[in-house]
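Presented below is the structure to which this report refers.
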Amino acid sequence: MDALTLHRIHFAFTITYHYLFPQLTMGLALLIVVLKTMALRTNDERYDVAARFWAGIFAVNFLLGVVTGIPMEFQFGTNWSEFSRRTGGVIGQPLAMEGVFSFFLESSFLGLFLFGEKRLSRLAHWGAAFLVCLGSWISGFFIIVTDAWMQHPVAYHLLPNGTYEVSSFWGLMMNPWAWLQYIHNQCAAVVTASFVMSAVGAFYVLQKRSSDYGRIFLKVGVIAGIVSCMLQIFPTGDLHGKYVAKHQPVAIAAMEGLFHSEKGAPMVLMGQPDVENQKIDNPLAVNDVLSFLIYGTTSAEVQGLDQFPRDQWPTTLPLLFYAYHIMAGLGTYFVAIMALAAFLLWRGKLETTRWVLWCLLLSFPFPYIANIAGWMTAEIGRQPWLVYGLMRTSEGYSKHVGAGTSLFTLLGFLGMYSVLSILWIVLVYNAIQKGPEETPNHEHTGTLAGA
Amino acid sequence: MGMLWFWIVAVMLAAYVVLDGFDLGVGAVMLLVAHTDEERKQAYQSIGPVWDGNEVWLLAAGGTLFFAFPLLYASAFSGFYMPLMIVLWLLILRGLSVELRGHVHDEMWHSFWDVVFTFSSGLLIIFFGAALANVIRGVPIGPDSYFYLSLWTNWRTGANPGILDWYTVLGGVLALLALSLHGSLYLALKTEGDLHDRCYALAKRLGPAVVIGCLVSIPATVIARPNSLANYEKHPAEFLAPVTVAICLVLLPILIHKGDELRAFLTSCALLIAMLCGAAAGLYPVLLPSTLGSQSDITMANALAGPHSLKVGLVWWSIGIVLAGIYFTTVYWLFRGKVSSYSDTYGH
Ligand code: HDD
Ligand code: HEM
Ligand code: HEM
């Protein structure tokens, strides 16, 4: 493999792995604030215990987010040096702001939140939880501003030495792409957290232990779940899709597998793109729907891949097609299962409908898959550009770092991250097995470490 | 503008060295001073609530470097590729050891993470020291402003050095001595009983070693980079830094012998800051000197980002750093005093 490919895999692997953790961090932080708020309002001790239980899991997850995030920050320089040199004047800005505004906030108040429950008043402890949540959401915002500038560069100008500079700070922060991407992505983080919470709730209820807490988790998880899953498709996903269609028409054509421009373009629900012969194998398609989704009328013409020169097509087209369809397919499933669960919850029958509980329990990996697929859609859809329309991916990597070296460190990360995965699974499984009642006062050493 | 950002990045790095320095130092000496499980637990608790915040200074400094001097960030990070990746792996191991040790009650689990903690902390310090020495000595930057440094060549300085040569290894050793001292002083401040006494005894022995190390490093630097003195001759005000270093080196052993723990620790902070300022002053306005001739040095002038970015940056950076200062004061205040005074009131 050549150096470029290896650097791409290196980045893709480490970022994808990193993002497994922040999505739960951001979503769970919000749900913990919800639990703490309920505790304050109802004075019911159980909500505090529930919040404490999730704080323990949060702590492990946060730690893994931190240790896998640090390599991300470095890799812009180590693996993408030419990209960093040219665009640092723009994207360095939000990245540095992320450190200064959110990492300090999160890391300071997480210590207080985890250790300070007895030293702080109840309201102050709620405040610590809120600030941790705020910190992680600010973190997500700045990173998405960074990514959005690569997808849709705005507010920049070219300096004589060939590097880019921000021309308007507000222009950069108010990039419409960033806001659309941010709401869609944050909503997805809440989807992940609510599926995880409902799965643990379903587990306890099915096991007939800690059922009090099981019920609380199911209630909070399912209500947050139905709201976020619906928002995920409409309006956030829909708006985001229309914006992509407007500014990256070639990406949308590839996502949908539309090789030829068409009036009343069909939406392909399933199929296998055959790039050589420019067609979809085994298509399962609904006529006119794509035109309607993008333009609001069934007769509008949607540009197909044939409108664009071949060297602007996304490089790994079938993967893009599948990633997009997996995301959208799972999104539809999420709404269905959560709507059913919410209905049963409302009728008071959720706890006794065992097959739905089983579905909730087994579904918790899917939001992770949907999130990864969503990011793959965005990032592969951007190819062959590193910064859309300005800089090709092939121009951005570190020319002085050889392919062998990159492979070596990629293997190193693979090994290290396998260990992390095992630790995560063992520790979270331990916490769930122990259950909410048994959390208090065992030994702990670090800040992040729960109880 | 360039000078301002140069010092902003330098100050952030100094904050990193002073703050994360003590928790790295605690890690490096932990196996030496803390013998029982209970003592080791205290060592972890002394840094528990603050280590992650301390480490954020590295990230924030890195981010600031990225946006203020993109060329330097690009060139240095890709040029130091291998050692940086090793640093990343060590940072991962260290973060895990601090946080995960307490999660399982088992002697084997504990002693495993204790060894990982000491190993990764110690090695990180050596790498950071060597990295600083690399920046002082210079690296073979080519005409395209990039370089790629191998881990070692012939262990000599010169036009084509490795990351490790006699000079940078010396830098690593000096850093290990200085931060071990820093860490034992901090741990002594936070603990009582046997652990405290052992930390203190170690500090007494490390004091003179640090003094000798610093004295050796001066001629070594002049040999490794002959024109580092030129800057000082041009700007005599810069002599303030080495003079401060000298004063600290005299004060430190005296304070340790008098048993004045707090002042000794603060002097150790001042020593670290003064050493870093001394190094920065010797370079300025060069950011990364080239061993292939000064025409390919990375300097402030060629690495600085555009003027508008920097102006905007100054506004948010000032706000952000004041906020960070407030958070740090709050956390250090709430967890002040000896570990035993707050560990039993830990929340859930
Ligand atoms: C639980 C996760 C999840 C679910 C169920 C969905 N999405 Fe999504 N989607 C994401 C998680 C996500 C994401 C991970 O958050 C992405 C990747 C980049 C980003 O900002 O958001 C994303 C990106 C993303 C993009 C941008 C692709 C690009 O930038 O090229 C579009 C057009 C959609 N989504 C559309 C949808 C639609 C129409 C969905 C419903 C059927 C949907 N998403 C469900
Ligand atoms: C701020 C956020 C992000 C930034 C700045 C960013 C930037 C980049 C860069 C520089 C590359 C390498 C060049 C390339 O091949 O395109 C890349 C590729 C990639 N990224 Fe992202 N990324 C971000 C978020 C994510 C996330 C969260 C994921 C997934 C969970 C992701 C998945 C990928 C994938 C799969 C690739 C490989 C694409 C390919 O090789 O075709 N990215 N991204
Ligand atoms: C290339 C892109 C990325 C970089 C450079 C990066 C960098 C980092 C770093 C350095 C940390 C550790 C902070 C600490 O020490 O406290 C971190 C954690 C975090 N990151 Fe990322 N990250 C990237 C992608 C993302 C994305 C795409 C998101 C979400 C949208 C995200 C959200 C978070 C959050 C919420 C945390 C807090 C800790 C945690 O969640 O476990 N990051 N990131």
Practice problem: Scan segment A:352-383 residue by residue and report those that are open to solvent by 10 Å² or more (accessible area, probe 1.4 Å) and outside any helix (DSSP H, G or I). | Solution: A:Thr353, A:Phe364, A:Gln383
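In the set A:Leu420, A:Leu360, A:Leu427, A:Leu344, which member is at the interface with chain B (Cβ under 9 Å from one of its Cβ atoms), at pLDDT 90 or above and more than 24 Å from A:Phe74 (Cβ to Cβ)? Don't jump to the end; show me each part of the working.
Working: A:Leu420 fails: more than 24 Å from A:Phe74 (Cβ to Cβ); A:Leu360 fails: at the interface with chain B (Cβ under 9 Å from one of its Cβ atoms); A:Leu344 fails: at the interface with chain B (Cβ under 9 Å from one of its Cβ atoms).
The unique qualifying residue is A:Leu427.
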Practice problem: Only residues in segment A:385-403 that are closer than 11 Å to A:Arg86 by Cα and within 16 Å of ligand 3 (Cβ to nearest atom) count as the first member; pair them with residues that are open to solvent by less than 30 Å² (accessible area, probe 1.4 Å) and among the polar types (S, T, N, Q), Cβ under 7 angstrom, at least 6 apart or cross-chain, and list the lot. | Solution: A:Val387/A:Thr87
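Being outside any helix (DSSP H, G or I) and open to solvent by 10 Å² or more (accessible area, probe 1.4 Å) is the filter here, so list the residues in segment A:112-126 that pass it. Let's see the steps before the verdict.
Initial filter on segment A:112-126 (outside any helix (DSSP H, G or I)): A:116-121.
Answer for segment A:112-126, where residues must be outside any helix (DSSP H, G or I) and open to solvent by 10 Å² or more (accessible area, probe 1.4 Å): A:Glu117, A:Lys118, A:Arg119, A:Leu120, A:Ser121.
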Practice problem: Out of the residues in segment A:127-171 that are of a type in the set (Gly, Ala, Ser) and touching a strand residue (DSSP E or B) at 6+ places or on another chain (Cβ under 8 Å), state the one that is least open to solvent (accessible area, probe 1.4 Å). | Solution: A:Ala155
Quiz item: Only one residue in A:Ala178, A:Ala251, A:Ala148 is touching a residue at least 40 places away in the same chain (Cβ under 8 Å) and either in contact with a Leu (Cβ under 6 Å, 6 or more places away or on another chain) or more than 14 Å from chain B (Cβ to nearest Cβ) (or both). Which one?
Solution: A:Ala251
Quiz item: Quick one: what pairs do we get from segment A:45-65, first residue among the aromatic types (Phe, Trp, Tyr), second part of a helix (DSSP H, G or I), C-beta under 6 Å, 6+ apart or different chains?
Solution: A:Tyr47/A:Leu35; A:Tyr47/A:Met38; A:Tyr47/A:Ala39; A:Phe53/A:Pro436; A:Trp54/A:Ile32; A:Phe58/A:Leu28; A:Phe62/A:Thr25
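Considering only segment B:152-190, how many residues are among the polar types (S, T, N, Q) and surrounded by 24 or more Cβ atoms within 10 Å (Cβ to Cβ)?
Filtering segment B:152-190 down to residues among the polar types (S, T, N, Q) leaves B:153-154, B:157, B:160, B:168, B:180, B:184.
Now drop any that are not surrounded by 24 or more Cβ atoms within 10 Å (Cβ to Cβ), which leaves B:168, B:180, B:184.
Of the residues in that region, 3 qualify.
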Exercise. Check every one of the helices (runs of 4 or more DSSP H) wholly within segment B:50-105 and list those with 3 or more residues that are open to solvent by less than 10 Å² (accessible area, probe 1.4 Å), among the small types (Gly, Ala, Ser) and over 30 Å from B:Arg40 (Cα atoms).
Key: B:51-68, B:70-79
Quiz prompt | Selection status of A:Phe109, facing chain B (nearest Cβ under 8 Å), touching a residue at least 24 places away in the same chain (Cβ under 8 Å), in a helix (DSSP H, G or I) and open to solvent by 20 Å² or more (accessible area, probe 1.4 Å) | solution = yes
Exercise. Can you give me the number of residues within segment A:135-145 that are away from chain B (no Cβ under 12 Å) and either among the small types (Gly, Ala, Ser) or more than 10 Å from ligand 3 (Cβ to nearest atom) (or both)?
Key: 3
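Examine segment A:244-252 for a residue that is part of a strand (DSSP E or B), more than 21 Å from the chain's Cα centre (by Cα) and away from ligand 2 (no atom under 16 Å from the Cβ), and state whether such a residue exists. Write out each step before concluding.
Filtering segment A:244-252 for residues part of a strand (DSSP E or B) gives none.
No, every residue in segment A:244-252 fails to be part of a strand (DSSP E or B), more than 21 Å from the chain's Cα centre (by Cα) and away from ligand 2 (no atom under 16 Å from the Cβ).
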Practice problem: Say whether the condition of being on the phi > 0 side of the Ramachandran plot, open to solvent by less than 10 Å² (accessible area, probe 1.4 Å) and not in a helix (DSSP H, G or I) is met by at least one residue in segment A:203-210. | Solution: no
Practice problem: Scan (1) closer than 23 Å to A:Ala189 by Cα; (2) within 11 Å of chain B (Cβ to nearest Cβ); (3) buried (at least 23 other Cβ atoms within 10 Å of the Cβ) for the single condition A:Phe76 breaks and write down its number. | Solution: (1)
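Working only within segment A:297-324, note down all residues that are assigned to a helix (DSSP H, G or I) and open to solvent by less than 40 Å² (accessible area, probe 1.4 Å).
Kept after step one, since they are assigned to a helix (DSSP H, G or I), are these residues of segment A:297-324: A:305-307, A:310-312, A:317-324.
Within segment A:297-324, A:Leu305, A:Leu317, A:Leu320, A:Phe321, A:Ala323 qualify.
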Self-check item: Identity of the residue in segment A:38-61, in contact with a Pro (Cβ under 9 Å, 6 or more places away or on another chain) and open to solvent by 10 Å² or more (accessible area, probe 1.4 Å), that ends up farthest from the other protein chains (Cβ to nearest Cβ)
Solution: A:Arg46
Exercise. Consider only pairs whose beta carbons are under 7 Å apart and that are at least six residues apart or on different chains; among these, list those whose first residue lies in segment B:40-53 and is within 7 Å of another protein chain (Cβ to nearest Cβ) and under 11 Å from B:Met30 (Cα atoms) and whose second residue is assigned to a helix (DSSP H, G or I) and more than 16 Å from ligand 2 (Cβ to nearest atom).
Key: B:Tyr44/B:Val98; B:Tyr44/B:Arg101
Quiz item: Which of (1) under 30 Å from B:Asn302 (Cβ atoms); (2) more than 8 Å from chain B (Cβ to nearest Cβ); (3) among the hydroxyl-bearing types (Ser, Thr, Tyr) is the odd one out, the single condition A:Ser102 does not satisfy?
Solution: (1)
Quiz prompt | Which numbered condition A:Val154 misses (of (1) of a type in the set (Val, Ile, Thr); (2) within 13 Å of another protein chain (Cβ to nearest Cβ); (3) outside any helix (DSSP H, G or I)) | solution = (2)
Quiz item: Among A:Asp44, A:Asp2, which is the only one that is among the acidic types (Asp, Glu) and within 16 Å of ligand 2 (Cβ to nearest atom)?
Solution: A:Asp2
Self-check item: Unique residue being open to solvent by 10 Å² or more (accessible area, probe 1.4 Å), touching a residue at least 24 places away in the same chain (Cβ under 8 Å) and of a type outside the set (Ser, Thr, Tyr) when the list is B:Pro289, B:Pro253
Solution: B:Pro253
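If I ask for residues that are more than 17 Å from A:Thr14 (Cα to Cα) and exposed (fewer than 12 other Cβ atoms within 10 Å of the Cβ), which ones from segment A:409-435 would you list? Step through it out loud before you land on a result.
Step one: filter segment A:409-435 for residues more than 17 Å from A:Thr14 (Cα to Cα), giving A:423, A:425-435.
Passing the criteria: A:Ile425, A:Tyr429, A:Gln433.
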Quiz prompt | Count of residues meeting criterion [surrounded by fewer than 18 Cβ atoms within 10 Å (Cβ to Cβ), within 19 Å of A:Ala285 (Cα to Cα) and of a type in the set (Phe, Trp, Tyr)] in segment A:215-271 | solution = 0
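Is it the case, given these coordinates, that A:Glu117 is within 14 Å of chain B (Cβ to nearest Cβ), acidic (Asp, Glu) and either within 16 Å of ligand 1 (Cβ to nearest atom) or out of contact with any Leu (no Cβ under 6 Å at 6 or more places or on another chain) (or both)? Spell out the reasoning first.
Numbers: within 14 Å of chain B (Cβ to nearest Cβ): yes; acidic (Asp, Glu): yes; either within 16 Å of ligand 1 (Cβ to nearest atom) or out of contact with any Leu (no Cβ under 6 Å at 6 or more places or on another chain) (or both): yes.
Judged against the criteria, A:Glu117 is a match.
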Self-check item: Residue satisfying condition, being hydrophobic (A, V, I, L, M, F, W, C) and more than 24 Å from A:Leu420 (Cβ to Cβ), within set B:Phe22, B:Phe77
Solution: B:Phe22
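This table checks each residue for (1) within 24 Å of A:Ile337 (Cα to Cα); (2) touching a helix residue (DSSP H, G or I) at 6+ places or on another chain (Cβ under 6 Å).
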| position | (1), (2) |
| --- | --- |
| A:Ile226 | yes, yes |
| A:Pro235 | yes, no |
| A:Asp238 | yes, no |
| A:Tyr243 | no, yes |
| A:Val250 | no, yes |
| A:Gly257 | no, yes |
| A:Leu269 | yes, no |
| A:Pro273 | no, yes |
| A:Glu276 | no, no |
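Out of the residues in segment B:292-307 meeting the condition of being open to solvent by less than 60 Å² (accessible area, probe 1.4 Å) and not small (Gly, Ala, Ser), tell me which one is nearest to B:Leu65 (Cα to Cα). Spell out how you get there, then give the answer.
Within segment B:292-307, the first condition is being open to solvent by less than 60 Å² (accessible area, probe 1.4 Å), and the residues that meet it are B:293, B:296-300, B:303-306.
Filter again for not small (Gly, Ala, Ser), leaving B:297-300, B:304.
Working: B:Asp297: 17, B:Ile298: 13, B:Thr299: 13, B:Met300: 12, B:Leu304: 10 Å.
Out of the qualifying residues, it is B:Leu304.
The values are calculated or read from the model by the stated rules, or taken from the named source; none is laboratory data. This one's a predicted model, so the numbers in the text were calculated from it and none came from an experiment. Note that each Cβ is placed from the backbone with ideal geometry, even for glycine, and that neighbours are counted across all protein chains shown. Each accessible area value is taken on the protein alone, full model and side chains, heavy atoms only, with ligands, DNA and RNA left out. Shrake-Rupley method; radii C 1.70, N 1.55, O 1.52, S 1.80 Å.
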